[in-house]
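Engineer: Take a look at the following structure, please.
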Amino acid sequence: MKILHLLLLTSIIILLSACSSNTNTQQLAQLQSEADYVESNLNLYRSVWTKFANEGDRSQLSDEHFTEDVVLVTSEGDLIGIEALQSYYENYLVGFSEIEFAIVESFGQGDRLTKKYTFKGKHTGDFFGIPATNKNVNLSGMTYVEFRDGRISKEEDFMDYLDFFVQLGIDPIQ
């Protein structure tokens, strides 16, 4: 009888171990799939903004990379749609030369990511109505990003605008 109980107990342990191992394998596969998805979003995002800012490739701001109803959150209110996004960011390419844009750090979870960036450039053109000052800027900031169906659907940028205006030699109070 003891041998029967021992065999039964051993069988239960082996069965539980097999189930646990299978569950762990499934969990690991799920985690890897999620990590691959986030990495894919991060790679797309890095590529789009590096090509746009550093190479002036305006074609990056298209429905290939952004949803038609993309939302750009600004201090003046939300801009909605690819045309609004293109018009907004065109100011950076027109307003600055010698642009050096870099994503310093980024991380994500699911359809969301956050990036820390640096932006350097010389203010040589009209920038949102501010005439060229020929001053260099060296800024850093953070952007919160959302994805939908493998494309960017929302961006919200955070930077020190007071520092930006000071670097341009502009008194933001006037």
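Engineer: The conditions are (1) modelled with pLDDT of 90 or more; (2) within 21 Å of LEU113 (Cα to Cα), and ASP57 fails exactly one of them. Which is it?
Structural biologist: That leaves (2) as the condition not met.
Engineer: Identify, by number, the condition in (1) in a helix (DSSP H, G or I); (2) open to solvent by less than 80 Å² (accessible area, probe 1.4 Å); (3) without any contact (Cβ under 8 Å) to a residue 24 or more places away in the chain that PHE164 doesn't meet.
Structural biologist: Looking at each condition in turn, PHE164 falls short on (3).
Engineer: Another one. Going by the conditions given, is LYS116 of a type in the set (Lys, Arg), surrounded by fewer than 16 Cβ atoms within 10 Å (Cβ to Cβ), in contact (Cβ under 8 Å) with a residue 24 or more places away in the chain and in a strand (DSSP E or B)?
Structural biologist: Yes, satisfied.
Engineer: Given the conditions (1) loosely packed, with under 12 Cβ neighbours inside 10 Å; (2) closer than 23 Å to THR67 by Cα, and given that TYR88 satisfies all but one, which numbered condition is not satisfied?
Structural biologist: (1)
Engineer: What do you reckon, is ILE80 open to solvent by 30 Å² or more (accessible area, probe 1.4 Å), touching a residue at least 12 places away in the same chain (Cβ under 8 Å) and among the β-branched types (Val, Ile, Thr)?
Structural biologist: Against the criterion (open to solvent by 30 Å² or more (accessible area, probe 1.4 Å), touching a residue at least 12 places away in the same chain (Cβ under 8 Å) and among the β-branched types (Val, Ile, Thr)), ILE80 does not qualify.
The values are calculated or read from the model by the stated rules, or taken from the named source; none is laboratory data. Keep in mind it's a predicted model, so treat the numbers as computed, not measured. In this analysis, Cβ positions are derived from the backbone assuming ideal geometry, glycine residues included, and neighbour counts consider all displayed protein chains. These accessible areas exclude ligands, DNA and RNA; they are computed on the full protein's heavy atoms, side chains included. Shrake-Rupley method; radii C 1.70, N 1.55, O 1.52, S 1.80 Å.
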